[in-house]
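The values are calculated or read from the model by the stated rules, or taken from the named source; none is laboratory data. These numbers come from a predicted model, not from an experiment. Backbone-built Cβ (ideal geometry, glycine too); neighbour counts: all protein chains shown.
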Amino acid sequence: MAVTLTESAAKHVSNYIAKRGKGIGIRLGVKTSGCSGMAYKLEFADAAEPEDQVFESHGLKVLVDPRSLPYIDGTELDYAKEGLNEGFRFNNPNIKDQCGCGESFTV
Amino acid sequence: MALLQISEPGQSAAPHEHRLAVGIDLGTTNSLVATVRSGLAVVLSDEMGRPLLPSVVHYGAEGATEVGYGAQARQSVDPRNTVVSVKRFMGRGRADIAHIESMPYDFEDSPGMVKLRTVQGVKSPVEISADILAALRIRAEAALGGQLTGAVITVPAYFDDAQRQATKDAARLAGLNVLRLLNEPTAAAIAYGLDNGAEGIYAVYDLGGGTFDISILKLSKGVFQVLATGGDSALGGDDFDHRVFCWIIEQAKLTPVSPHDARLLQTRAREAKEYLTLHGEAPINAKLSTNEFVDLKLTSEVFNEISKTLVQKTLGPTRKALRDAGLAPEDVKGVVMVGGATRMPQIQKAVGDYFGQQPLNNLDPDKVVALGAAIQANLLAGNRAAGDDWLLLDVIPLSLGMETMGGLTEKIIPRNSTIPVARAQEFTTFKDGQSAMALHVVQGERELVSDCRSLARFELRGIPPMVAGAARIRVTFQVDADGLLSVTAREQITGHEARIEVKPSYGLTDDEVAAMLKDGFSHASDDAFRRALREAQVEAQRLIEAVQSALKDDAPLLSTLERAHIDACVAKLQAVMMGDDRRAIDGAMDGLNKATAEFAARRMNQSVQRALAGKNVSELES
């Protein structure tokens, strides 16, 4: 399995990293919080940790720490526009339920 | 389904705790809202992809209020109830507003600020601005998918307190939490300076719809310092429209036109001006309500000619700001162009010629202020990366000063100084042989310490014994980028030093700051009287001590009669000095000064003789 980006997500991530001026890729993860137990983490990555799992997608490095991996393995990160709002969306096959807002979930 | 943005490492927000912050450029002609998305500042557009929101509000007869393009379309139909350029009325009285006679509104002159009679009742400029801000808030909340934590709103550097307060009030009325008001040129510098990271002196030339600001900024090691500002709060792109409007009236030989036609021709004038940015000549066509036709061609040569004095008018404040900063045009490393009106080729050329270089315009001049405000808002809302040593640009809301003799406040850093700032002032001892000095740091606008807020007290010890007034104690007030004040007192001869750190804004709410400011204004004359009295009392005390010290040293120079006269004058002064009759104190001081004049002359002669004893003329001349 792997964690991947859609082409649209990869384009936006590359653009953001270029404008930011530094970073080796992005880090995806989960943390325990939120109304449904877990929440996504989406951050720029400046350095890889030794235990990180590193995936390559559309030429971009996607870093995931081993504790997060079981919860998001198989996830595809997409970039979406909804009306005026736009941003990244986790298409995660592991989730059983999520809160109405989609920011937190259970597996 | 919420859409996520990329955070800085370690900064992922917990669900439902995103700190959504926006920067708002509340402009005379157009307003914008911007935010930082995944680390990138972007302007938020409306459903049709238009970034600008025309700062136009239409009040309809059925109670509907329209803002933006919809309202702009009503300008020529219902000019009386369509408010444009409301920013010009913010915190202004009728007399302060230029071209008021050619405006199609029904003004009501109320104290402090004009109001406009509309079909929906009397509206204050604050309420009208709030309608614009509310439209931007709704747009931002739709685009960000949640409630806003706060907003940074930009204002011209020239805005006075009434205008700034009016802007803040409008934001509150619109349901916005104002993180900070930011000067427009400073916002532009944030957008440019940090993105490009180039050090040096920069001029920010901001010609918006209704205001002109010139700011001289110094960028070094990522730190912005405002060296000087200047401008004209009643000069902008609208004035160029007005020149074209007048030219149309003159060329078409129109008699005074109706409000409806005036509005139509003003719109045509603006369109012609904008067309000339990329073209050599602009057609002007209009059909008036009188069935007259206007069919003219405005060439860029004619436009340059009729607007020449306006272009020149911007260079005056520019020269002055440079002079204030002690700089020449060639010291300026880059000129930042802000405001849609800087697109006019004659402006670009005049500014380029003056500074001897091509002005910078690689960011959209309409958006640059909003983008800078968004970057600032993002940081103020707490979305900053760890170790990001960003400098918050801010002004000091209330003056910072020291207590001096007699419980008077000596202001060291005046309010509205931008931070970081450092100011030093020298103080001296009040009594002979004084070896320590108590320093009392206060904040406020009032003249007496008892009316200000006490921030800290500390002591400087180890002053070598000297006569009163001889010691030189340099007190330095320094406010760093986080608003932290440190006060250092240093005795200049021995180098003895004492320092203290305080957080001046701690615990003061906006309302308290406002109340303290108001207090300062309303008590100004009262305070001036009390200050003069205290000063007289302090001066009297100093005089008595000086006389007594002289009497101790040189009593033999006086006859018994003279001595008795001086003692009587001292007693008289001591009797009146604690009262509140300043004239009596001044009179008694005069008496004592006269009584001791001869004594002082004799002391002077004596010390000159001592100094000259045993020396010959040639030694003195060498």
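Below is a table of values for the structure above.
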| item | result |
| --- | --- |
| Exclusive hit being touching an Asp or Glu at 6+ places or on another chain (Cβ under 8 Å) and under 24 Å from B:PRO156 (Cα atoms), set B:VAL311, B:VAL351, B:VAL338, B:VAL332 | B:VAL338 |
| Lone unmet requirement of (1) in a strand (DSSP E or B); (2) at pLDDT 90 or above; (3) buried (at least 18 other Cβ atoms within 10 Å of the Cβ) for A:PHE90 | (2) |
| Flag if B:SER12 is part of a loop (DSSP other than H, G, I, E, B), at pLDDT 85 or above and within 13 Å of chain A (Cβ to nearest Cβ) | no |
| Hey, B:ARG50 modelled with pLDDT of 85 or more and part of a loop (DSSP other than H, G, I, E, B) or not | yes |
| Residue in segment B:180-194 that is at pLDDT below 80, surrounded by fewer than 24 Cβ atoms within 10 Å (Cβ to Cβ) and within 15 Å of B:LEU26 (Cα to Cα) present | no |
| Conditions (1) within 27 Å of B:PRO156 (Cβ to Cβ); (2) crowded, with 20+ Cβ neighbours inside 10 Å; (3) of a type in the set (Ser, Thr, Tyr); number of the one not met by B:SER45 | (2) |
| Residue within segment B:588-601 that is within 45 Å of the chain's Cα centre (by Cα), surrounded by fewer than 15 Cβ atoms within 10 Å (Cβ to Cβ) and not hydrophobic (A, V, I, L, M, F, W, C) present | yes |
| Whichever residue in segment A:68-87 is in a strand (DSSP E or B) and small (Gly, Ala, Ser) and, among such residues, is nearest to the other protein chains (Cβ to nearest Cβ) | A:GLY87 |
| One residue from B:VAL294, B:VAL302 being of a type in the set (Val, Ile, Thr) and assigned to a strand (DSSP E or B) | B:VAL294 |
| Of all residues in segment B:117-144 being of a type in the set (A, V, I, L, M, F, W, C) and more than 14 Å from chain A (Cβ to nearest Cβ), the one that is farthest from A:GLU82 (Cα to Cα) | B:VAL122 |
| Search result, residues across segment B:333-366 that are closer than 16 Å to B:ALA188 by Cα and either among the hydrophobic types (A, V, I, L, M, F, W, C) or at pLDDT 95 or above (or both) | B:VAL335, B:VAL336, B:MET337, B:VAL338, B:ALA341, B:LEU360, B:LEU363 |
| Members of segment B:556-615 found to be among the charged types (D, E, K, R) and not in a helix (DSSP H, G or I), listed by number | B:ASP580, B:ASP581, B:LYS615 |
| Any hit, segment B:227-243, residues being closer than 20 Å to B:SER417 by Cβ and among the acidic types (Asp, Glu) | no |
| Among (1) in a strand (DSSP E or B); (2) more than 22 Å from B:MET466 (Cα to Cα) - the single one B:ARG415 does not satisfy | (1) |
| Residues satisfying the stated conditions in segment A:5-51, i.e. away from chain B (no Cβ under 12 Å), under 15 Å from the mean Cα position of the chain (by Cα) and at pLDDT below 90 | none |
| Residue selected from segment B:25-53 under the condition within 12 Å of another protein chain (Cβ to nearest Cβ) and among the small types (Gly, Ala, Ser), by the criterion farthest from B:ALA341 (Cα to Cα) | B:SER38 |
| Search result, residues across segment B:43-77 that are aliphatic (A, V, I, L, M) and touching a residue at least 24 places away in the same chain (Cβ under 8 Å) | B:VAL43, B:LEU44, B:LEU52, B:LEU53, B:VAL56, B:VAL57, B:ALA61, B:VAL67, B:VAL77 |
| Test: residue in segment B:96-116 that is surrounded by 18 or more Cβ atoms within 10 Å (Cβ to Cβ), within 14 Å of chain A (Cβ to nearest Cβ) and not basic (Lys, Arg) | no |
| Criterion violated by A:ASP65 - all others in (1) out of contact with any Gly (no Cβ under 7 Å at 6 or more places or on another chain); (2) over 21 Å from B:GLY39 (Cα atoms); (3) within 14 Å of chain B (Cβ to nearest Cβ) satisfied | (1) |
| Members of segment B:239-271 that are without any contact (Cβ under 8 Å) to a residue 60 or more places away in the chain and β-branched (Val, Ile, Thr) | B:ILE248, B:ILE249, B:THR255, B:VAL257 |
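Rundown of residues vs (1) in a loop (DSSP other than H, G, I, E, B); (2) buried (at least 22 other Cβ atoms within 10 Å of the Cβ); (3) modelled with pLDDT of 85 or more, yes/no style:
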| residue | (1), (2), (3) |
| --- | --- |
| B:ALA370 | no, yes, yes |
| B:GLN376 | no, yes, yes |
| B:ALA386 | yes, no, no |
| B:TRP390 | yes, no, no |
| B:GLN425 | no, no, yes |
| B:GLN434 | yes, no, yes |
| B:HIS440 | no, no, yes |
| B:SER454 | no, no, no |
